[in-house]
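These notes are about the structure you will find just below.
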Amino acid sequence: MDNSFFIFTDATTNNPVVIERAHVCLWEFKNNSTLVEFGFEIYKNSLPQDQLIINVFIPWLSKSTGEKDLYEKLSNSENSRFIFNDSIKQTQSLDGGRNKLGVIHDFANRDHLCILPVSITRKQNDILELTINLQHYRTSESNANIYFRFSIAPQMPTISMHKKGISKSTIVYDIKVNERRNIPDQMIDLFSQKNFCEIKACFCFFIIPNDYDIVFFENDSLKSVRTLEYEAFTKYLGDKRVKNDELIVVFNKKKDSESFSFFSIYTKERIGPGQYILAILINMISGILLFLPSFRAGINNKTPIWKQTPIELLIAMLIAIGTLLYFLWPKLNCSKKG
């Protein structure tokens, strides 16, 4: 799965947009579904006057992919306190207390931040256009950075690479942000007319089932591994797929680079129907092979061999063939679809 994301603006933008912090959060649930969140904190001095437009290229985007603005979640101080890992002293509304057009959170240990709603439209099949109205932000005469966040529900079980072996399953994540060498050939002309946003720091969160172990990670980017805070994330996300003690969060961070990449591998040992079927199949074939020498010694060449074959051997062979087909059929079916 290609996970090369590009965040850019039109080349006509006079003031280059600077992203202080970019958040990429990748959820992988146990029911074979996934969710992706993007969040951007924009530096206040790089904002246009009335309206900010940022584009995000997502290679696996499809017409059935669902996008959702998360402003309503983050306008709640309890959710923002948890997401930004800091207590909030007070919250200022940009629309007289309705909190529909923006809020400014005054944090205890970090600069105050203006949370704004974002309008999401599909510019083309694989590009989302994000429009942020800055009029109420300007009216407030705030000098805070702005922040917006949205989620995407891919119409596929996962956006990571999955490899299923006989005894273990492997998840491979290879996330790239604004890496120019990964621009698709058909997009080169388009991107040559765009300005990639400057990103000062990129945070990447892999949220995966807790029965996986980390077997490879980048030492310079891994910051922490922890169990998902169930109650806080349930309140923030409101997603029934979030279960207690089922997920872990792998937090990575990089900064001071023109582009960012995050690579990690996770595995879990597994014993399931496939392993049992394979064990039965091997046992049956071994029994047939052990029986064949004595059967061959007693063959009467004057009688057709099929008349001399015990019915039990024929049944065993049919069961072995059926078991083998049952074991291989999902792989053969997937290869035909691919």
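Listed by Cβ neighbour count within 10 Å, with the fewest neighbours leading, Asp126, Asp213 appear as Asp213, Asp126.
Peptide packing: for 200-207, 175-182, the average count of neighbouring Cβ atoms within 10 Å per residue gives the ranking 200-207, 175-182, highest mean first.
Along segment 173-181 the Karplus relation, 6.51 cos²θ - 1.76 cosθ + 1.60 evaluated at θ = phi - 60°, assigns HN-Hα couplings of 10, 9, 9, 10, 10, 6, 8, 4, 5 Hz to successive residues, with x for each Gly and Pro. Projected onto planes of every orientation and averaged, the convex hull of the alpha-carbon atoms in segment 21-67 covers 4.7 nm². Taking the Cα atoms of segment 1-84, the ratio Rg/Rh between the radius of gyration and the Kirkwood radius comes to 0.99.
Sequence-distant contacts, meaning Cα pairs under 8 Å at least 6 residues apart, place the relative contact order of segment 72-162 at 21 percent.
Eigen-decomposition of the gyration tensor built on the alpha-carbon atoms of the chain gives equivalent ellipsoid semi-axes of 55, 22, 17 angstrom, largest listed first.
Could you tell me which trypsin sites (Lys or Arg not before Pro) in segment 1-80 are loop residues by DSSP with no more than 11 other beta carbons within 10 angstrom of their beta carbon? Loop-located and lightly packed - Lys63.
Taking the chain as a Gaussian network of alpha-carbon nodes connected by springs under 10 Å, the highest mean-square fluctuation of the residues Glu231, Glu258, Glu20 belongs to Glu231. Pairs from the list Lys100/Lys254; Lys176/Lys223; Lys168/Lys223; Lys63/Lys254; Lys68/Lys176; Lys63/Lys168 with a Cα-Cα gap above 24 Å: Lys100/Lys254; Lys168/Lys223; Lys63/Lys254; Lys63/Lys168.
In units of the compact-protein estimate 2.2 N^0.38 Å, segment 26-147 shows a Cα radius of gyration of 1.14.
Read-outs throughout are calculated quantities, based only on the coordinates presented, and are distinct from any laboratory measurement. Computed from a predicted structure; not experimentally measured. Cβ atoms come from the backbone with ideal geometry, glycine included; neighbour counts cover every protein chain shown.
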